[in-house]
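In what follows, a single structure is set out as structure tokens and then discussed.
Every read-out reported here was derived from the displayed coordinates using simple, explicitly stated rules and does not represent laboratory data. Nothing here was measured: the structure is a model prediction, and the numbers come from that model. Counting neighbours? That spans all protein chains shown, and the Cβs are built from the backbone with ideal geometry, glycine included.
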Amino acid sequence: MTGAVSAGALDLATRASAALTERGIPSPPENVINLGPFPLRAYALAIIVGAILAWWILDRRYTRKGGPADTAADIALYWMVPFGIVGSRIYHVATHPQDFFGPDGDWVEMFRLWNGGLGIMGAVLFGALGAYIGLRRRGLRIGPFADALAPGLLVAQAVGRLGNYFNQELYGTATDLPWGLRIDREPGLVHPTFLYEGLWNLTGAVVLVLLQRRLRLDGGRVFWLYVIIYLTGRTLTESLRTDPSMIVLGIRIHQLIAIVAWVIGVAIIIWLARQARLHPHRDEIWMAGHGPTAEAGGAGAVGTGASDAAGAGEGDEVSSDAEAVSDAADPSGTVGDGSVPSPA
């Protein structure tokens, strides 16, 4: 009898110890989904799903502003994506030079994107440059397009961060919080910083749409508000991360860049607010001398139809924006991923 009780107590103690050890969020055992002979990287899937959601939100918002129906797909596919990939890689190499030019580095690795190393901030900067070039060639203004894109970018970045979960990477310092993450190579729980950033981005997407409706933001101000929201969250989560990073002025290089860009973003929003008061038609879709009105009746009426259409449908646009972001942010539609280049 005594032996049975002792054995039972030992079993109970063992289970309790296992429960304490296994608490927290488990990490996926695999980051690849094998579809027959074809391996599907979970990270790649997250990036693809995020990009599709961003395009869908952009297309709905931009066309309701009066933008040409084929613009969102063409600009994203032929300009933003190629520029964004190049920019993200340049950013990663610039902020991790020791990996390529250090004593144990290999500069050839710069061209092996499949081994990892993409930077979101570089992707946004160069992607915006690509969009500007592509839109200008079409005679379209960048401001309305960027404003339409902003909430979708946050949704895409949130979904893309799920790839870090499947890769078991870019996590934070040790924690004893109940939502701590279990990582195979770590002895205890760690902060799931990619989860924090993902939730921050989804919340930011909703905030952007609500502020656009309440404050009637246009002319590029929604996009720069996106920059501020994203960089605020990035600065906070970066302080918890433990992955290798250059230290400049006592802080991680990504934090320093985020802080500098945040200040620039605030200054630009203030300038744009002043410009909006001085030039109330800055949100016109077409540049002077372009667009359907210019082709039909000359440059004197340029952009009027587009801006009128945007103004007339402003209420519908905002409610549709909220619906689009809400649908895109539905957790049931998110997907995670694996070991393709991971954004820093």
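Condition check ((1) surrounded by fewer than 24 Cβ atoms within 10 Å (Cβ to Cβ); (2) within 17 Å of the chain's Cα centre (by Cα); (3) not basic (K, R)) across all residues:
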position: L113; (1), (2), (3): yes, no, yes
position: Y132; (1), (2), (3): yes, no, yes
position: F145; (1), (2), (3): no, yes, yes
position: P151; (1), (2), (3): no, yes, yes
position: Y165; (1), (2), (3): no, yes, yes
position: W179; (1), (2), (3): yes, no, yes
position: P192; (1), (2), (3): no, yes, yes
position: L199; (1), (2), (3): yes, yes, yes
(message) Please count how many residues of the range 64-90 are hydroxyl-bearing (S, T, Y) and farther than 20 Å from Y226 by Cα.
(response) 2
(message) I'm checking my understanding of the structure. Among residues of the range 172-194 that are in contact with a helix residue (DSSP H, G or I) (Cβ under 6 Å, 6 or more places away or on another chain) and outside any strand (DSSP E or B), which one is farthest from T242 (Cα to Cα)?
(response) F194
